[in-house]
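To start, the structure itself, in C-alpha cells.
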Amino acid sequence: MDPYIYTDGSATEANKNAGAGVYSSLFQLSAPAGANATNFDGEVAAITLALGKITHAYAKNVVLLSDSRAALLAIASERRSTNARIFACRKSIECKREIVKALVMQWIPAHCGIPGNEEADRLARLGASQSQPLLPITMDMAKEMARSAITGSAEERSRGECGGKNWAALLDPKRRPPWTLPRAVSVACFRLATGHDYLRHHLKRIGVTESSDCDLCGVGEMTSDHIFACAAMVDLPTDGSYIGRAKLYWAVRNKMAEMPPLA
Ligand SMILES: [Zn+2]
C-alpha cells in the first residue's frame, strides 16, 4: 500500500480564505480551513485532515509530506502550544501512533514539480475557494488580521498621498518597470519615473545646485523629459525601451560627472 500522503495549505492573498489539500494514490481531500485562517492554519489543517484518513486498514508505515517547515516544526515541537489546531493535530498523531508501525513527517520543497505536492496544492486552492466556516480564532489568525488591517490602511493612505505626483505611475502594475530587469536598468527607470533622478532640475529642488539648466546643451531645464531631446545626446538615440532609456540616463549621468564640480 502506498505509504506517501502529500499535504498542503493555501491562503488567498487577502487571507480571507484558506484551504487544506491532501493527495495520495488512494484518496484526495479538499477542505476549507475557515474564515480568516492563514496559510499556516491551512497547512496544519491539511496534516490533520490526512491523519483522519489513517485507519487500521491503512498502511503500517506512513509518510506525511508537507512543504511547510513552520507547520512541521510547530507540530513536532515539545513546547506547549496555545494554538487549538496544533493541539488537535498533536492529539491525532498520538492516536495514530497506536495503530501504525511508523509515522514519519517529512518536509519537501514546494513548487518544484513534485506531482503529489502539486496535486495537494491544487486541492488546497480548491478548498480555499469554498465557502469558509467560522472557526474559533487562533492567536496567529488574530495577529494576521491585525497585520492585514494595518497594511491595508497604510497602503490606502500612501495611494491617496501619491495622487497627482509623477511617481503615481508606479502604482499601476502595467506601467511599473518589471521586477526582472537588471539592477542598473531598474534603478534608472525608477529614478526617471519618480523624478528623483539627480538631474539638474532635481538637484536644484533638493538645494544642491542653484540652476536647473541643462549644462550639457545649455538649453532648457534638465528634467527627465529633457534628456530625451537634449542636443548633447543626439549621438545616443533611444528606442524608448527600459534598457534604451536606462542607457541614455546613465550616459547623461556620466557626462554630468565629467563636468567641473558644482559651485
Ligand atoms: Zn540638454
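The values are calculated or read from the model by the stated rules, or taken from the named source; none is laboratory data. From a predicted model like this one, the values you see are computed outputs, not experimental measurements. Heads up, the Cβs are rebuilt from the backbone with ideal geometry, glycines too, and the neighbour counts pull from every protein chain shown.
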Within segment 73-89, can you find the residues that are in a helix (DSSP H, G or I) and not charged (D, E, K, R)? L73, A74, I75, A76, A84, I86, F87, A88, C89
Go through the residues of segment 202-216 one by one and say whether even a single one is touching a His at 6+ places or on another chain (Cβ under 8 Å) and away from the ligand (no atom under 14 Å from the Cβ). yes
Is there a residue being at pLDDT 85 or above, assigned to a helix (DSSP H, G or I), surrounded by 14 or more Cβ atoms within 10 Å (Cβ to Cβ) and of a type in the set (V, I, T) anywhere in segment 175-186? yes
Working only within segment 101-154, note down all residues that are in a loop (DSSP other than H, G, I, E, B), of a type in the set (A, V, I, L, M, F, W, C) and within 19 Å of Y23 (Cα to Cα). I108, A110, C112, I114
Of the numbered conditions (1) within 12 Å of the ligand (Cβ to nearest atom); (2) touching a helix residue (DSSP H, G or I) at 6+ places or on another chain (Cβ under 8 Å), D225 satisfies every one except a single condition; which is it? (2)
Scan segment 128-139 and report the pairs whose first residue is touching a residue at least 60 places away in the same chain (Cβ under 8 Å) and whose second residue is part of a helix (DSSP H, G or I) and among the acidic types (D, E), with Cβ atoms within less than 7 Å and a gap of 6+ or a chain change. T138/D41
Give just the number: which of (1) touching a strand residue (DSSP E or B) at 6+ places or on another chain (Cβ under 7 Å); (2) within 23 Å of I137 (Cα to Cα); (3) touching a residue at least 40 places away in the same chain (Cβ under 8 Å); (4) not aromatic (F, W, Y) does S24 not satisfy? (2)
Yes or no: segment 238-261 includes at least one residue that is of a type in the set (D, E) and either more than 15 Å from the ligand (Cβ to nearest atom) or crowded, with 16+ Cβ neighbours inside 10 Å (or both). yes
Subset of segment 187-201 that is in a helix (DSSP H, G or I) and surrounded by 18 or more Cβ atoms within 10 Å (Cβ to Cβ) - its residue that is nearest to the ligand (Cβ to nearest atom): R200
Can you pull out the residues in segment 221-236 that are touching a strand residue (DSSP E or B) at 6+ places or on another chain (Cβ under 7 Å) and either closer than 14 Å to H196 by Cα or in a loop (DSSP other than H, G, I, E, B) (or both)? M222
Are any residues in segment 51-72 over 12 Å from A120 (Cβ atoms) and under 22 Å from the mean Cα position of the chain (by Cα), and if so, which ones? R69, A70, A71, L72
Only one residue in D197, D140, D213 is within 28 Å of I243 (Cβ to Cβ) and acidic (D, E), so which one is that? D197
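Rundown of residues vs (1) within 19 Å of L134 (Cα to Cα); (2) under 20 Å from the mean Cα position of the chain (by Cα), yes/no style:
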position	(1), (2)
M1	no, no
G19	yes, yes
L29	no, no
L49	yes, no
I86	yes, no
Please tell me if V208 is touching a residue at least 40 places away in the same chain (Cβ under 8 Å), of a type in the set (V, I, T), within 22 Å of V187 (Cα to Cα) and not in a helix (DSSP H, G or I). yes
May I ask you to verify whether K96 is without any contact (Cβ under 8 Å) to a residue 40 or more places away in the chain and assigned to a helix (DSSP H, G or I)? no
